[in-house]
């Protein structure tokens, strides 16, 4: 019998999902340092004989193979944004509500805790399940573990429906808006500002661009029964050479959040039309995801969870399932406004609610 | 007899003003390193018994005290902007015009060369003369040698008329525009750009400010017979936090060049009126200078030099004389558009013309 390596963090999945959240959070796993938490998950799953466990880098895949006619994929990321003196976790109570406070409690180790607990507990679910915990969600997309898997092993992601455990206050949030960023540039002619008429001021030429942005009324678009609110915003502006020089270049950096009824290509076409005649560079483009709430599995999930489905405004990895043709929703504990916040904390009853909702659906779905 | 210090640069004022320009330029004197050129000037003036020579830091003052009923002040700065592989000087000819090429040839060692030559040559001028060569003109005003003298020893600057040898193609340029810079700021409320409606976009609020700038028609104002052209320009613009954040602050940096008929206070009042309701910070303010061409000495100078007087658009140190109540004009060799340029060069016949114009005036003025 090998001697236990006491330097490895221990994860006890027989505890409550609240306590598992705490255990997971206290294993620091800022993006790039997911090794220890991945090892801990693998050790904790080792005894679960109903699961086929695979590892791909710092992605863990745990699958049931019960021959059910439906398969659902349930995923969560194990990394967090950097700490800011907010570990180790602690419990705190405010206005009669009990919270677990600390980095990762919302985004999204409480979701992962619920998933891990159910993964070992549910030996006979009504559907086959592919559990999936991945790395590098909080950083550049080219490092994202789910993206890597979607690119290299799309077969491992296949299923009839997907749930991503991002924070939604344990309510169903369908799909997500698409996300585009462009840079719109103007060009002039440099000159000494004492003789401005010799030059041409590129900053003054930004005026109609800002007018367009200030006057723009974002759409509210109903997609599969959910209303998505769009947004078009300058997120940066630059220009200028020196205090006595007419500037020959200026730029507005614009972010467009678009409803999932519009493709990325259509979104860019809309922006090019808005800023016709200007130099436009696309610097980022991510497709949205339709909510897919008309799928029968989604209807069952809604019934099991209760409440009303809402649209997800921020872009999330559900779009990666959407791109593979699978309906996908966000469902996890925690208030998304507390994600990344220094006072990140989750109301512990949301963790329990999520656990109960998922269990009810997976046992009867 | 002391042994000559061969490490000191030598200045031979018996040569032509063109050759003296070359000697001066080949003594590198980027702002802050005016020591060696100041020493060379002092040594070169040592034999001129008609001059009372004073030194104040790196300012050299050389005065005649002939009891004339008028005194004129003739000044030039000895520093240059940094080199860019444009020393030592060389002669070059293009389209039949002979040039002296190199840093300082225009701004403004050709003017200083003419002044130095005439300072030693004119032992019996028709007016008393205060010659003045000073340091740190090309950098922050608080280092400027002429400003220091105006603050500490205004008596040394007193006279009935002043000439500053800044480049004017050896034509009289009267006065100068005033110069103000302000920062106009907008403030909003930060939010995630996926939920823009929770925040308020400070960059969008810049829109009316740029509209005002783009639509502004600068005045052309006649002052003492010269027409000054004004200018109102954005010279910088900044704003933005990150690609997914609604920005809570933005700023336009604005430069206003105003005719010398308008005081600095009036200029700022005009700007505050234009941008009423916005947060306005004054970051720089320099009064303009009226051309003063109605002064009898100015009329004599115009007659001696010939040609037609023009307005000076850029702010120059003539405004310091103006502030002391003295009429003052710019008069020196070189094309101001070549000042600070990497291909800085002066047409040598302008040096000779300036020398002849100044000599004619000072002998008969």
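The values are calculated or read from the model by the stated rules, or taken from the named source; none is laboratory data. Note that this is a predicted model, so its numbers are computed, not measured. Methodologically, a virtual Cβ is constructed for each residue, glycine included, from the backbone with ideal geometry; neighbour enumeration extends over all protein chains shown.
Read through the list (1) over 22 Å from residue B:239 (Cβ atoms); (2) within 9 Å of chain B (Cβ to nearest Cβ); (3) surrounded by fewer than 21 Cβ atoms within 10 Å (Cβ to Cβ), then give the number of the only condition that residue A:214 fails. Residue A:214 satisfies all of (1) over 22 Å from residue B:239 (Cβ atoms); (2) within 9 Å of chain B (Cβ to nearest Cβ); (3) surrounded by fewer than 21 Cβ atoms within 10 Å (Cβ to Cβ) except (1).
With respect to the stated conditions, residue A:78 is assigned by TED's automatic domain parsing to the domain that holds residue A:319, within 21 Å of the chain's Cα centre (by Cα) and free of Cβ contacts under 8 Å to residues at least 60 places away in the same chain. Candidates are the residues of region B:266-280 that are in contact with a strand residue (DSSP E or B) (Cβ under 9 Å, 6 or more places away or on another chain) and closer than 20 Å to residue B:315 by Cβ; the one that is surrounded by the fewest Cβ atoms within 10 Å (Cβ to Cβ) is B:266. Of everything in region A:210-232 that is modelled with pLDDT of 95 or more and part of a loop (DSSP other than H, G, I, E, B), the residue that is farthest from residue B:189 (Cα to Cα) is A:219. The single condition among (1) free of Cβ contacts under 8 Å to residues at least 60 places away in the same chain; (2) more than 7 Å from chain B (Cβ to nearest Cβ); (3) under 28 Å from residue B:198 (Cβ atoms) that residue A:226 does not meet is (1).
Within region A:340-350, the set of residues being surrounded by 21 or more Cβ atoms within 10 Å (Cβ to Cβ) and out of contact with any strand residue (DSSP E or B) (no Cβ under 8 Å at 6 or more places or on another chain) comprises A:350 only. So which residues in region A:118-136 are assigned to a helix (DSSP H, G or I) and surrounded by fewer than 17 Cβ atoms within 10 Å (Cβ to Cβ)? Within region A:118-136, A:121 is the sole residue that qualifies.
With respect to the conditions (1) part of a helix (DSSP H, G or I); (2) surrounded by 20 or more Cβ atoms within 10 Å (Cβ to Cβ), residue A:291 falls short on a single one, namely (1).
Yes or no: residue B:319 surrounded by 18 or more Cβ atoms within 10 Å (Cβ to Cβ), under 24 Å from residue B:176 (Cβ atoms) and in contact (Cβ under 8 Å) with a residue 40 or more places away in the chain? So residue B:319 passes the test. For region A:255-278, the criterion of a residue being within 30 Å of residue B:202 (Cβ to Cβ), within 14 Å of chain B (Cβ to nearest Cβ), touching a residue at least 40 places away in the same chain (Cβ under 8 Å) and in a loop (DSSP other than H, G, I, E, B) is satisfied by at least one position. For residue B:139, the conditions (1) part of a loop (DSSP other than H, G, I, E, B); (2) more than 12 Å from every other protein chain (Cβ to nearest Cβ); (3) buried (at least 19 other Cβ atoms within 10 Å of the Cβ) all hold with the exception of (3). Scanning region A:238-254 for residues that are more than 9 Å from every other protein chain (Cβ to nearest Cβ) and either at positive phi or surrounded by fewer than 18 Cβ atoms within 10 Å (Cβ to Cβ) (or both) returns a single hit, A:249. Listed conditions (1) out of contact with any helix residue (DSSP H, G or I) (no Cβ under 7 Å at 6 or more places or on another chain); (2) within 12 Å of chain B (Cβ to nearest Cβ); (3) within 30 Å of residue A:308 (Cα to Cα) are all met by residue A:176, apart from (1). When residue B:191 is tested against (1) over 30 Å from residue B:348 (Cβ atoms); (2) touching a strand residue (DSSP E or B) at 6+ places or on another chain (Cβ under 8 Å); (3) at pLDDT 95 or above, only condition (3) is not met.
Here's the yes/no breakdown for (1) more than 11 Å from residue A:76 (Cβ to Cβ); (2) touching a helix residue (DSSP H, G or I) at 6+ places or on another chain (Cβ under 7 Å); (3) touching a residue at least 24 places away in the same chain (Cβ under 8 Å); (4) not assigned by TED's automatic domain parsing to the domain that holds residue A:237:
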position: A:125; (1), (2), (3), (4): yes, yes, yes, yes
position: A:131; (1), (2), (3), (4): no, yes, yes, yes
position: A:139; (1), (2), (3), (4): yes, no, yes, yes
position: A:147; (1), (2), (3), (4): yes, yes, yes, yes
position: A:161; (1), (2), (3), (4): yes, yes, yes, yes
position: A:183; (1), (2), (3), (4): yes, no, yes, no
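Residue A:287 fulfils the conditions (1) within 13 Å of chain B (Cβ to nearest Cβ); (2) on the phi < 0 side of the Ramachandran plot except for a single criterion, (1).
As for region A:197-209, it holds no residue that is surrounded by 17 or more Cβ atoms within 10 Å (Cβ to Cβ), part of a strand (DSSP E or B) and within 7 Å of chain B (Cβ to nearest Cβ). When the criteria are applied in full, residue A:235 fails the requirement of being within 14 Å of chain B (Cβ to nearest Cβ), surrounded by fewer than 18 Cβ atoms within 10 Å (Cβ to Cβ), within 22 Å of the chain's Cα centre (by Cα) and part of a strand (DSSP E or B). Among the residues of region B:313-328, is any assigned to a strand (DSSP E or B) and touching a helix residue (DSSP H, G or I) at 6+ places or on another chain (Cβ under 8 Å)? Yes, some residue in region B:313-328 is assigned to a strand (DSSP E or B) and touching a helix residue (DSSP H, G or I) at 6+ places or on another chain (Cβ under 8 Å). Residue B:170 meets all of the listed conditions (1) under 28 Å from residue B:290 (Cβ atoms); (2) in contact (Cβ under 8 Å) with a residue 40 or more places away in the chain; (3) not assigned by TED's automatic domain parsing to the domain that holds residue B:309 but one, namely (3). Apart from one condition, residue B:170 fits all of (1) under 16 Å from the mean Cα position of the chain (by Cα); (2) at negative phi; (3) more than 11 Å from every other protein chain (Cβ to nearest Cβ); the exception is (2).
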